[in-house]
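A.B. asks: I'd like to ask some things about the structure below.
Read-outs: derived from the displayed coordinates by stated rules, not from any lab. The shown structure was predicted, so the numbers you read here are calculated from the model rather than taken from an experiment. Backbone-built Cβ (ideal geometry, glycine too); neighbour counts: all protein chains shown.
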Amino acid sequence: MPRILLIKTSSLGDVVHNLPVVSDLVSALPGVVIDWVVEESFAAIPRLHPGVLRVLPVAQRRWRRSPWQAQVWRELRQFLCGLRLQEYDFVIDTQGLLKSAWIARAARGVRHGLDRVSSREPLGWFYDRVHHVPWGRHAVERNRQLAALALGHTVSGTAQYGIHAEGPLPAELDGRPHAVLLHATSAANKLWPETDWIKLGTALAARDLICVLPWGTPAEHERSERLAARIPRAMVPERLNIEVLAPLLARARIVAGTDTGLTHLAGALGAPTLGIYCATDPAATGLYACRRARNLGGADHPPSAKEVIAAALEWLA
């Protein structure tokens, strides 16, 4: 029974894009045991996949903020002890960055990573074996290809995310059908205009949907409140963690979101999802291989409110 360690620590969207690797491994190697190292704030994502046995949270983001505190060094030692408890047949670093390569080097097992041409950083000496994965493919397929090369297999079939989410919805919904509007993103140039969000939300409210506006930071909370004040019956919940957000997304009548990890999670969960791209090319990291998803816009070409509303009404129909 082979045992495999996957290393994909962040960000949220990148972690979602690594889920099909688990599905591929489970399909190709019946009985395979899979562990996954991931940033602590995203640990709920690999736990959604039944093929992952053990999730090993790492706290690099938090540790970097106070690297000299004794507590940080204690936590680092604890992480390394837990990592090295198990010996693996394959250690596969699909992140391909220094923040993941040192973890691969610390793990026990044959370490696989990207070669110099395939990676943004020269990390070959961290691995026992390196593999060439051409650029220009979607991130999902690059992850799948690296894992297949590590195991000596070939990638076949459409990517399968293999996740589902169950759990209660916010009590304020009271069983009413809802849409989720994911207006937040990591960069200002990826934001869609608030006036367009209001037009979309108003159109969805006219179809008797409650528009839920999640948030993560104080600035995002303020934007959610501004939008909710202009969208009929819109709802701004308390700050929700991924364990609560996942079923909220999975059971939405429709999800519309910017280029952000939660939009990818919604698509992976099978929710009807519209990806709104204003500054990046969805061909490289857009919604991909999702049962009901559509990318709109592109680099320096944001979609109009009319275009997004038309796509949303098409899904609702």
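A.B. asks: What net charge is computed for the residues neighbouring TRP192, neighbours being all others with C-beta under 12 Å from the C-beta of TRP192, Lys and Arg scored +1, Asp and Glu -1?
C.D. replies: It works out to a net charge of -1.
A.B. asks: Once phi is turned into ³J(HN,Hα) by the Karplus curve 6.51 cos²θ - 1.76 cosθ + 1.60 with θ = phi - 60°, what whole-Hz value does each residue of the range 301-312 show in order, with x for glycine and proline?
C.D. replies: For the range 301-312, the Karplus-derived couplings read 9, x, x, 7, 4, 4, 5, 5, 4, 4, 5, 5 Hz, x marking Gly and Pro.
A.B. asks: Mind running the shape call on the range 171-316? Use the C-alpha gyration tensor, a ≥ b ≥ c as the square roots of the eigenvalues: rounded below 1.5 for a/c, prolate if a/b tops b/c, oblate otherwise.
C.D. replies: Rounded shape, in that the Cα axes give a/c under 1.5.
A.B. asks: In deg cm²/dmol and to the nearest 500, what is the mean residue ellipticity at 222 nm of the chain if only DSSP H runs of at least 4 residues count, each as -39500 (n - 2.57), divided by the residue total?
C.D. replies: After summing the helix terms and dividing by the residues of the chain, the value is -11000 deg cm²/dmol.
A.B. asks: Now, a different point. Which ³J(HN,Hα) values, rounded to whole Hz and listed in residue order, are derived for the range 198-204 from phi using the Karplus coefficients 6.51, -1.76 and 1.60 in 6.51 cos²θ - 1.76 cosθ + 1.60 with θ = phi - 60°, glycine and proline given as x?
C.D. replies: Each residue's phi maps through the Karplus curve to give 5, 4, 5, x, 5, 5, 6 Hz.
A.B. asks: Something else: Enter the angle in degrees (range 0 to 90, nearest 10) between the Cα long axis of helix 70-83 and the first principal axis of the Cα atoms of the chain, meaning the one along which they spread out most.
C.D. replies: Between helix and principal axis, roughly 70 degrees.
A.B. asks: In whole Hz, what ³J(HN,Hα) sequence does the range 120-128 give by Karplus (6.51, -1.76, 1.60; θ = phi - 60°), x for Gly and Pro?
C.D. replies: Going residue by residue, I get 6, 10, x, 10, x, 6, 6, 10, 7 Hz, with x marking Gly and Pro.
A.B. asks: Using r as the Cβ-Cβ distance of THR154 and ASP128, and R0 as 22 Å, what FRET efficiency do you calculate, to the nearest 0.05?
C.D. replies: Using R0 = 22 Å, I get an efficiency of 0.55.
A.B. asks: Hey, another quick one. Nearest 10 degrees, 0 to 90: what angle lies between the long axis of helix 218-230 and the longest principal axis of the chain (Cα atoms)?
C.D. replies: 30
A.B. asks: Answer rounded, prolate or oblate for the chain, using the Cα gyration tensor with square roots of eigenvalues a ≥ b ≥ c: rounded when a/c is under 1.5, else prolate when a/b is larger than b/c, else oblate.
C.D. replies: prolate
A.B. asks: While we're on this one: Out of residues 5 or more away from LEU114 or on other chains, whose amide H comes under 5 Å of its own, with H placed 1.01 Å from N in the peptide plane?
C.D. replies: Counting only residues 5 or more places away or on other chains, the set is HIS131.
A.B. asks: Could you name the lysines whose alpha carbon sits less than 30 Å from that of LYS306, not counting residues in the same chain fewer than 8 places away?
C.D. replies: Candidates past the 8-residue exclusion: LYS190, LYS199.
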